[in-house]
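The values are calculated or read from the model by the stated rules, or taken from the named source; none is laboratory data. As the structure is a prediction and not an experimental result, all values here were calculated from the model. So basically every Cβ, Gly included, is an ideal-geometry build from the backbone, and we count neighbours across all protein chains shown. For accessibility, only protein heavy atoms count, side chains too; no ligands or nucleic acids. Shrake-Rupley method; radii C 1.70, N 1.55, O 1.52, S 1.80 Å.
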Amino acid sequence: MSYKDPSKSVTERVEHLLSLMTLEEKIGQLIQPFGWKTYEYKDGQVHLAEDFKHQVENGGVGSLYGVLRADPWTGVTLETGLSPEEGARTVNEIQKYAIEHSRLGIPVLIGEECSHGHMAIGGTVFPVPISIGSTWNVDLYKEMCKAVALETRSQGGAATYSPVLDVVRDPRWGRTEECFGEDPYLISKLAVASVEGLQGESLNGSDSVVATLKHFVGYGSSEGGRNAGPVHMGLRELLEVDLLPFRKAVEAGAQSIMPAYNEIDGVPCTVNSELLDDILRKEWGFDGMVITDCGAINMLASGHDTAEDGMDAAVQAIRAGIDMEMSGEMFAKYLLEAVRLGKLETEVLDRAARRVLSLKFKLGLFDKPYVDPELAGKVIGSGEHIALARQLAAEGIVLLKNEEGMLPLSKESAGTIAVIGPNADHGYNQLGDYTSPQPPERVVTVLKGIRHKLKDEPQRVLYAPGCRIKDDSKEGFELALSCAEQADTVVMVLGGSSARDFGEGTIDLRTGASKVTDNALSDMDCGEGIDRMTLQLSGVQLELAQEIRKLGKRLIVVYMNGRPIAEPWIDENASAILEAWYPGQEGGHAIADILFGDVNPSGRLTISIPKHVGQLPVYYNGKRSRGKRYLEEDSQPRYPFGFGLSYTEFSYSDLKVLPEVIGADQQATVTVNVTNTGQRSGDEVVQLYISDVASRYTRPAKELKGFQKISLKPGETRKVEFTVGKEELQYIGKDYKPVVEPGLFRIMAGRHVNDTLSADLTVRED
């Protein structure tokens, strides 16, 4: 049969298969039920669910979501979940049944969550994307994506619902942690790296998975920072900012895309044909699959209220360009009836099925549907991947303050160290949202990391949680103050938590021990669906820090969090501040490496940190006309975009732009000398910004258009070079088309957006 012949082209195989399919079989390809419900794991054996078998035998199942996903939402725990080998065997059983018990033997597309590691038991937990962004290390992130793809595909997962390419405009949004930051250029570079890393050289490889770009589009600019809220944005800004990372990722070959929940100018993205057809497919040439977010079609009839009922919502979605529905609820329920009632043309159904089948053929699922469980056991959570997680965590940590060279600590002169705070020894609080259950020994907390550094003198490390993240209880203050009083140095690990209820119990604040209770307190103040009105520390964390500061000890604050924290008192009173974000399973080692100087901090902010939530929005690339100050305070952030300190010093000199005058289609070379003027080797992120001095349409005051992360020894100077041309100088002009206008451009290079040298470049009028 032609569709089973690997020597035939994908197009030939798809068209032949499609010609053999019934309406029910075509619709089956467009639905994606929840995968963890397709099996039962009991007494070491996996049994496929009868409902799944019935679906396979009566039209088929196109895809399954999260077969291997484990977390409180799925209810899959360490005890009831699958090991790497068991997961691979289970996916093989699913594929075997689908192939052998469906009329045409069509394999299933297994889709998994992999935002910062495969969300399956045993998968390596890397730092969250906001931390990845802070590394400014595109090549290192690409290596991480290769590792994630290998771990996922080795178990049979063939598609991932990442990367998240949303541009953050209001950090009160709970999903800030899932994003790379506030700048579209930087996000674009990471977007391309993710596609290249995840999809590899060929989709049908044993180490490749489909990258799904999300959330298309504007999701990070919601009203009030509320999840899935309306987006108020004109087409010009949409094209210049939010759509840019998606376009670059599509150009890199991304094969799947997920529309956002939100509406833009009254049109929900799920049914926005201008986005899904005109821009995505016709202008950009995207030929992959479009899959909804979970429940997005339901929202059309109950939320957005742009559909009369479920059938209307399903028909609107597939007509607008949706090919597959995550959860599959609405498509499975209504599409067949819609065709029979004449409300949906079979051509539209065929179009969606064709795209799904094409992706399966590209992935090689028809030719190699099974995986090797032994390989899964070897590569998932491997030592190599754990080392990579540690390096990423270290490079993503940002040193915000270092008064009088407090850091790095000397192992000899630091004396007794008190490690205090709700995030000092709470493993799940450092992992972020979209994380699988973890055995305690897999996660290195800050307490564990510091104790490992001082393992020969364990008596020098004291610990007290002090308080919880959100709870107002101060019953732990006494123990925390006692520890701090005995110490020479205090390391306070404060911040937030995106930890769901993994059933690990509640920390006893009076002893620091964990105890399992029936009334565990949720400390979650960040993550999906957890949006805030403020950026201050939750609970009594600030009060705890203030009480400890009264003791007069050296105070080092380590933040673990998923969004910026605005706490002026800590900015002013802490001796040193590290922003660690959620650093993943190796976070404690990475933080200890930096605290003791084994690693020189090189992280730089990719999101501006305000002095006060009332300053929002504070993203750096706003328009010149947005004003200078409020009555109470200026509009500048506490820590600007691109900011981050080092244990050494860097100086910039001799910025040159040659030639100084170019045509609109020509290029100029920008060079700047960077010198390590300190006493330690270190990494510097050299940042290039451009300002269009005068333009027909208003422009941001500054825009990032280049960056390089370089390593310099003490006294070493390096000439760093950038190329500036059409891509860096253009913007969306008349008729919403890109244009390079003649005139003066200011070229800036430096340490961060507010610390640069500048030179001029003129684009002549040809």
Q.
Give me the one-decimal Kirkwood hydrodynamic radius in Å for the chain, with the sum taken over alpha-carbon pairs.
A. 27.1
Q: State to the nearest 20 debye the size of the charge dipole of the chain about its Cα centre, where the only charges are +1 on K and R beta carbons and -1 on D and E beta carbons.
A: 1160
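What percent does the relative contact order of the range 269-315 come to when contacts are Cα pairs within less than 8 Å and at least six residues apart? Let's see the in-between values first.
Details: 23 pairs, mean separation 11.5, N = 47.
For the range 269-315, the relative contact order is 24 percent.
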Q.
From the phi angles alone, apply the Karplus equation (6.51, -1.76, 1.60; θ = phi - 60°) to the range 435-442 and give each ³J(HN,Hα) in whole Hz, x where the residue is Gly or Pro.
A. 10, 7, x, 10, x, x, 6, 7
Q. Counting only the heavy atoms of the protein chains, how much of TYR41 is accessible to a 1.4 Å probe, in Å² to the nearest 10?
A. 60
Q | Exceeding the 22 Å Cα-Cα cut-off - candidates LYS282/LYS623; LYS411/LYS709; LYS37/LYS146; LYS628/LYS705; LYS96/LYS368 | A | LYS282/LYS623; LYS411/LYS709; LYS37/LYS146; LYS628/LYS705
(Q) Could you report the accessible area of CYS114 in Å², rounded to 10, computed with a 1.4 Å probe on the protein chains as they sit in the structure? (A) 10
Q: For the range 509-585 and the range 607-624, write down the distance between their C-alpha centroids in whole Å.
A: 22
**Q.** Where GluC sites (Glu not before Pro) fall in DSSP loop in the range 668-766, at most 10 other Cβ within 10 Å
**A.** GLU765
Q) When the Karplus curve 6.51 cos²θ - 1.76 cosθ + 1.60 is applied with θ = phi - 60°, which whole-Hz ³J(HN,Hα) does each residue of the range 525-535 get, with x for Gly and Pro? A) 10, 8, x, 4, x, 10, 9, 10, 8, 10, 10
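Would you work out if the range 295-362 is rounded, prolate or oblate? Take a ≥ b ≥ c from the square roots of the eigenvalues of the alpha-carbon gyration tensor; rounded if a/c is under 1.5, else prolate when a/b is larger than b/c, oblate otherwise.
Working: a/c = 2.23, a/b = 1.44, b/c = 1.55.
Oblate, because a/c is 1.5 or more while a/b does not exceed b/c.
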Q: Search the structure for amide H atoms under 5 Å from the amide H of VAL217, placed 1.01 Å from N in the peptide plane, and list their residues when 5 or more places away or on another chain.
A: ALA260
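Which of the peptides 604-610, 505-511 is most tightly packed, and how do the rest follow, judged by the mean count of other Cβ atoms within 10 Å per residue? Working shown, then result.
Numbers: 604-610: 25.4, 505-511: 16.1.
The peptides rank, most packed first, as 604-610, 505-511.
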Q) Per 5 Å bin from zero, what fraction in whole % of the C-alpha pairs of the range 692-766 is there, up to the bin with the longest pair? A) 3, 12, 23, 23, 16, 10, 7, 4, 2, 1, 0
Q: Give the long-range amide H neighbours of MET289: residues separated by 5 or more places, or on another chain, with amide H under 5 Å away, using H modelled in the peptide plane at 1.01 Å from N.
A: SER256, ILE257
Q.
For a quick check: with amide H placed at 1.01 Å from N, whose amide H comes under 5 Å from GLN32's, ignoring anything fewer than 5 positions away on the same chain?
A. GLU325, SER327, GLY328
Q. Under a straight-distance cross-link criterion of Cα-Cα below 18 Å, which lysines are reachable from LYS550, leaving out those fewer than 8 residues away in the same chain?
A. LYS474
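On full extension of the chain, what length is gained from GLN45 through ASN673, given 0.36 nm per residue of separation minus the C-alpha to C-alpha distance? Walk me through the numbers on the way to the answer.
Details: separation 628, 0.36 × 628 = 226.08 nm, distance 6.30 nm.
Extra length from GLN45 to ASN673 when fully extended: 219.8 nm.
From the convex hull of the Cα coordinates of the range 527-584, what is the mean projected area in square nanometres? Walk me through the numbers on the way to the answer.
Working: hull surface 18.2 nm².
For the range 527-584, the mean projected area of the Cα convex hull comes to 4.5 nm².
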Q: Work out, step by step, the length gained on full extension between ASP760 and SER410: first 0.36 nm times the residue separation, then minus their alpha carbon distance; give nm to one decimal.
A: 121.5 nm
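What relative contact order, as a whole-number percentage, does the range 137-246 give when Cα pairs under 8 Å and 6 or more residues apart are counted? Display every interim value, and only then the final one.
Details: 189 pairs, mean separation 39.9, N = 110.
Value for the range 137-246: 36 percent.
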Q: Calculate, axis by axis, the spread of Cα positions in the range 362-511 along the three principal axes, and write the results as whole Å, longest axis first.
A: 66, 34, 30
Q | All-pairs alpha carbon distance profile, the range 176-289, 10 Å steps from 0, percent | A | 14, 47, 32, 7, 0
Q: May I ask you to evaluate 6.51 cos²θ - 1.76 cosθ + 1.60, the Karplus curve with θ = phi - 60°, for each residue of the range 732-737 and list the ³J(HN,Hα) values in order in whole Hz, giving x for glycine and proline?
A: 7, x, 4, 6, 6, 10
(Q) Need the C-alpha centroid separation for the range 694-766 versus the range 670-685, integer Å. (A) 20
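Counting only C-alpha contacts under 8 Å and six or more residues apart, can you give the relative contact order of the chain as a whole percent? List each step's numbers first, then the result.
Working: 1855 pairs, mean separation 98.9, N = 766.
Once normalised by length, the contact order is 13 percent.
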Q) Any idea what log10 I(q)/I(0) is at q = 0.12, 0.19 Å⁻¹ for the range 2-161, Debye with uniform C-alpha scatterers and no solvent? A) -0.60, -1.15
